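Visitor: Can you keep this structure in mind? I'll have questions shortly.
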Amino acid sequence: MTFASLGLIEPLLRALETLGYQTPTPVQAQAIPAVLAGRDLMAAAQTGTGKTAGFAVPLLQLLTMEGPKVTANSVRALILCPTRELAEQVHASVARYAEHLPLTTYAVYGGVSINPQMMKLRKGVDILVATPGRLIDLFRQNALKLNQLQTLVLDEADRMLDLGFSEELANIYRMLPKKRQTLLFSATFSDDIRLLAGQMLNDPLSIEVSPRNVAANTVKQWVVPVDKKRKAELFVHLMRKGKWKQVLVFAKTRNGVDALVDKLQGLGINADGIHGDKPQATRQRALDRFKSSDVQILVATDVAARGLDIEDLPMVVNFDLPIVAEDYIHRIGRTGRAGNTGEAISLVCADEVNMLSAIEMLTRQTLTRKMEQDFEPEHRVPDTDASGQVVKKPKKPKKPKVSGGGGKRNLGKWVDSGEVAPVEPSIKPVRKVPVFNTGPRKKK
Ligand code: AMP
C-alpha cells in the first residue's frame, strides 16, 4: 500500500516523501480513509505507531479541500493533547505535514505567557493544538471562538483523564458546535474512556492496530531486583557496565527526579531532569538538549511518559515502577519506535512487587528477572507472573529475638494484587451514555 493509493493530494505526498515515510503504518492505513470520509474515530493505537500522521494528514487534506476560510479568532480544527510537550511535538509534526499547504497551524499551552497566544489567534488558525486548561482560558477571554470548528481530535485521551482533565473536557465539550467530526486516540481503553467516547463521538469507526495493553514487541524488557536504597548505585553501575549513551529514566516523584539528577551530576554524569514543578522553558530546554544528545541521561516523572517522540532512543529505565500499570506501556513506548529496537529495564524493589504484578497482568507477560552480581537484594522481591499472583514464599519460623530488630518490610503500601482490575479481553462496542461524568477528578 502507498500513501497515494489512500487518495492523498500531491502536496501532502510530497511532504511525506521528504520525511521519508514510504508506506503507511497500520493505523494510518485505517485512519486516513476513514477521516477523509468524514467518519468519527475511536482508535486504539500505541505510541510510536504513527498515529499523529494518521489523524493530521487526512485532516489537513479535508481543511485544504473544503470549508470556508478561517475567520478572526476562529479555528477550523482543534487537537487536544494532555501535556505541553506533547502539544509542541504534535504541532511540529502537523507543521511538517502542512509544509506545502496554504494552512495555518499553532500550538497553545499553559506555563507560558498567554498574550502572544491571544495575538496570534486574532487572525484565526486553521489547526490549533492545545492543552485543555489553556484552551479554556483563551475561550473565556474571548480570544478564541469555536463556532467554525469542523474537527476535534482528542490525542492520548486516556492520559488526559489520568491527569485529571475530565472537568475541562466536559467544559470544552459544551463549547463545541454539535455538528463536527471527532477523532479519539488512546493507547488504552478504560471504562472512563468509553464513557467519554460515548458522549463525544457519533457512530464512530473503531480501529485497533495492535493488541490492546501489550507493549511493543520491538522493546526488550527485563527487571533487575534490587533493594530500594541501592537503586541509584545500581543504575550508575549498569550505566557504566553497559556504556549507555542516551537513557530516559523514569522516577515516581518530583523529589525522586531531583535526587537522582543531583546524584548523577555529583558523579560528573551529564544528567538533567524534567517534571511538573519546572517552568515550561526549562523542561523544553532539557528535552531539546537530550534529543540533540547534549544531555546523556534525562530523568522524568510520568509527565514526560507519553507522546514524546525521541528518535532512536535506545533505552528506557524505570528507576521506580509506575503506580498506574498502564503508564508502564507508555514509558517503554519511548523506545523501540517506528520499527527500531529498544531496551526497557526496571529496577524493582520488594515494595514494588504488587506494581510489578499489575504490569505483568496488564501486558500478559512475565518479565524476565536478571539478578545483578553484588546487588542481590536483602529484601527479596516475591515471584510474580502474568496471572496477577504474587507468590509468597512460606514464612520461615521466627527466630527468637536476640537484640535489635530485623529489617522492616513494607509490602502493605500498594494494593493487593487481588484488587488489580482484570484485563478485558477485547474492545467493547462504544456505548452512548446520557451523562458526562468521567469520575472524580484526580490529583495532577
Ligand atoms: P507517532 O506515533 O505519531 O508519534 O509517530 C512515531 C514516529 O514514527 C515519528 O517519528 C514519525 O515521524 C514516524 N512515522 C510516522 N509514520 C511513519 C511512516 N509511515 N513511515 C515512517 N515513519 C513514520
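The values are calculated or read from the model by the stated rules, or taken from the named source; none is laboratory data. The structure displayed is predicted, hence computed values, not measured ones. Counting neighbours? That spans all protein chains shown, and the Cβs are built from the backbone with ideal geometry, glycine included. Remember, those area values only see protein heavy atoms, side chains included, never the ligands or the DNA or RNA. Shrake-Rupley method; radii C 1.70, N 1.55, O 1.52, S 1.80 Å.
Visitor: So, for the range 4-208, what is the accessible surface per residue at a probe of 1.4 Å, expressed in square angstrom? Could the numbers behind the result be given before it?
Guide: Values: 7480 Å² over 205 residues.
Per-residue value: 36 Å².
Visitor: Subtract the Cα-Cα distance of ARG254 and ASP137 from 0.36 nm times their separation in residues, and report this length gain in nm to one decimal. Please list the in-between numbers first.
Guide: Numbers: separation 117, 0.36 × 117 = 42.12 nm, distance 2.65 nm.
Additional length available on full extension: 39.5 nm.
Visitor: Put a dot 7 Å past each Cα toward the Cβ at SER292 and ALA37; how far apart are the dots in nm?
Guide: 4.5 nm
Visitor: Also: Quick check for me: using +1 on Lys/Arg Cβ and -1 on Asp/Glu Cβ, what's the dipole size of the range 4-208 about its Cα centre, in debye to the nearest 20? Don't jump to the answer; show the numbers that get you there.
Guide: Values: 19 positive and 19 negative charges, 171 e Å.
Using only the charged Cβ atoms, the result is roughly 820 debye.
Visitor: With no solvent and one point on each alpha carbon, what is the Debye value of log10 I(q)/I(0) for the range 1-119 at q = 0.11, 0.12, 0.13 Å⁻¹?
Guide: One equal scatterer on each Cα of the range 1-119 leads to -0.38, -0.45, -0.53.
Visitor: So for each of 326-333, 342-349 I average, over its residues, the number of other beta carbons within 10 Å; can you give me the resulting order with the highest mean first?
Guide: Values: 326-333: 25.2, 342-349: 23.2.
My ranking of the peptides, most packed first, is 326-333, 342-349.
Visitor: A further question follows. For the range 219-391, with equal point scatterers placed on the C-alpha atoms only and solvent neglected, what are the log10 I(q)/I(0) values from the Debye formula at q = 0.12, 0.17, 0.18 1/Å, to two decimals?
Guide: Those come out to -0.50, -1.04, -1.17, one per q.
Visitor: Figure the gain on full extension for ALA170 and ASP385 (residue separation times 0.36 nm, minus the Cα-Cα span) and round it to one decimal in nm.
Guide: Values: separation 215, 0.36 × 215 = 77.40 nm, distance 3.88 nm.
Once the chain is fully extended between ALA170 and ASP385, it gains 73.5 nm.
Visitor: First measure r as the distance between the Cβ atoms of LYS179 and GLU99, then evaluate 1/(1 + (r/R0)^6) with R0 = 35 Å and state the FRET efficiency to the nearest 0.05. Don't skip to the end; give the middle numbers.
Guide: Values: r = 30 Å, r/R0 = 0.86.
Once the sixth-power term is evaluated, E becomes 0.70.
Visitor: So, with a 1.4 angstrom probe, what is the percent of accessible area on the range 97-159 that is carbon and sulfur?
Guide: Values: 1210 of 2480 Å².
Carbon-and-sulfur percentage of accessible area, whole number: 49.
Visitor: Just want the answer: with Cβ charges of +1 for Lys and Arg and -1 for Asp and Glu, which residue in GLY54, ALA98, GLY111 is farthest toward the dipole's positive end in the range 50-126?
Guide: The one lying farthest along the dipole's positive direction is GLY111.
Visitor: Going by Cα centres, the range 15-54 and the range 62-108 are how many Å apart?
Guide: 16 Å
Visitor: Can you tell me what percent of all Cα-Cα pairs in the range 4-208 are more than 29 Å apart?
Guide: Details: 3417 of 20910 pairs.
Everything past 29 Å amounts to 16 percent.
Visitor: If you add up the charges near LYS263, with Lys and Arg at +1 and Asp and Glu at -1, over every other residue whose beta carbon is less than 11 angstrom from its beta carbon, what do you get?
Guide: Every neighbour counted, the sum reads -2.
Visitor: Moving on. Counting heavy atoms of the protein chains only and a 1.4 Å probe, report the per residue accessible area for the range 219-391 as a whole number of Å².
Guide: Working: 6870 Å² over 173 residues.
Counting only protein heavy atoms, the per-residue value for the range 219-391 is 40 Å².
Visitor: Something else about it: Report, in debye and to the nearest 20, how large the dipole of the range 1-85 comes out about its Cα centre when Lys and Arg carry +1 and Asp and Glu carry -1 on their Cβ. Could the numbers behind the result be given before it?
Guide: Values: 6 positive and 5 negative charges, 31 e Å.
Using only the charged Cβ atoms, the result is roughly 140 debye.
Visitor: Which order do peptides 234-247, 160-173 fall in by mean Cβ count within 10 Å, highest first? Don't jump to the answer; show the numbers that get you there.
Guide: Working: 234-247: 16.1, 160-173: 19.6.
Per-residue Cβ counts within 10 Å, averaged per peptide and sorted highest first, yield 160-173, 234-247.
Visitor: For the pair ASP262 and VAL236, how long in nm is the line joining their label points, each one 7 Å along Cα→Cβ?
Guide: Between ASP262 and VAL236, the label points sit 1.4 nm apart.
Visitor: Leaving out ligands, DNA and RNA, what percent of the accessible area of the range 219-391 is carbon and sulfur, probe 1.4 Å? Intermediate values should be presented prior to the final figure.
Guide: Values: 3310 of 6870 Å².
Answer for the range 219-391: carbon and sulfur cover 48 percent of the accessible area.
Visitor: For the ranges 365-375, 133-143, 98-108, 27-37, what's the packing order if you count other beta-carbon atoms within 10 Å of each residue, average per peptide, and put the highest first? Provide the component values of the computation, followed by the final result.
Guide: Values: 365-375: 13.4, 133-143: 16.5, 98-108: 19.0, 27-37: 21.2.
The peptides rank, most packed first, as 27-37, 98-108, 133-143, 365-375.
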